[in-house]
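What follows is a short report on a single structure.
The values are calculated or read from the model by the stated rules, or taken from the named source; none is laboratory data. Because the structure is predicted, anything quoted here is derived from the model rather than measured. Cβ sites come from the backbone with ideal geometry, for glycine too, and all protein chains shown count toward neighbours.
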Amino acid sequence: MSDKILALVEEQSKKPEVSKFEIGDTVDVHCRILEGEKERIQIFNGVVIARSGGGTREMLTVRRIVAGEGVERKFPLHSPRIAKIETVRSAVVRRAKLYFLRDRVGKATRLKERVVKRPAAQTQAVVKKARRGSKNKKKAE
């Protein structure tokens, strides 16, 4: 009985739409900050090194380097303080938690970028469009 009530309460406080991102992605987390009566948005940019929890208690851990020092921040995914999460680039990783990045320094912290493959039909459409553009350029000359 109490699980059903808890599930109902959690559904109400969940965000209707959460942006898609994975472990290893570089993200921009837009945080709402209150200063007196003014509200502004501050962007925290970094690599997602962990996701934990579930439902309304889901958290993400973002790591970045500031002035040569590693800074990690944990954000509740469904918090009203988080305006949005934008994925800047995706990386290929083979772990659920990237805690090994804490021990690395400099260029060793880089992750291999994931190349997004398009469906064959979409690729063919892009190629045809490029060909048409090159034919039009030849006619103009």
Report, by residue number, each residue of region 28-61 that is over 12 Å from the mean Cα position of the chain (by Cα), in a strand (DSSP E or B) and under 17 Å from residue 97 (Cβ atoms).
52, 59
So which residues in region 77-100 are within 16 Å of residue 27 (Cα to Cα) and either hydroxyl-bearing (Ser, Thr, Tyr) or assigned to a helix (DSSP H, G or I) (or both)?
87, 90
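Kindly evaluate residue 89 against the criterion of being touching a strand residue (DSSP E or B) at 6+ places or on another chain (Cβ under 9 Å) and modelled with pLDDT of 70 or more.
Taking the combined requirement at face value, the residue satisfies it.
Just wondering, is there one or more residues in region 59-76 that are under 30 Å from residue 12 (Cα atoms) and either at pLDDT below 90 or aromatic (Phe, Trp, Tyr) (or both)?
yes
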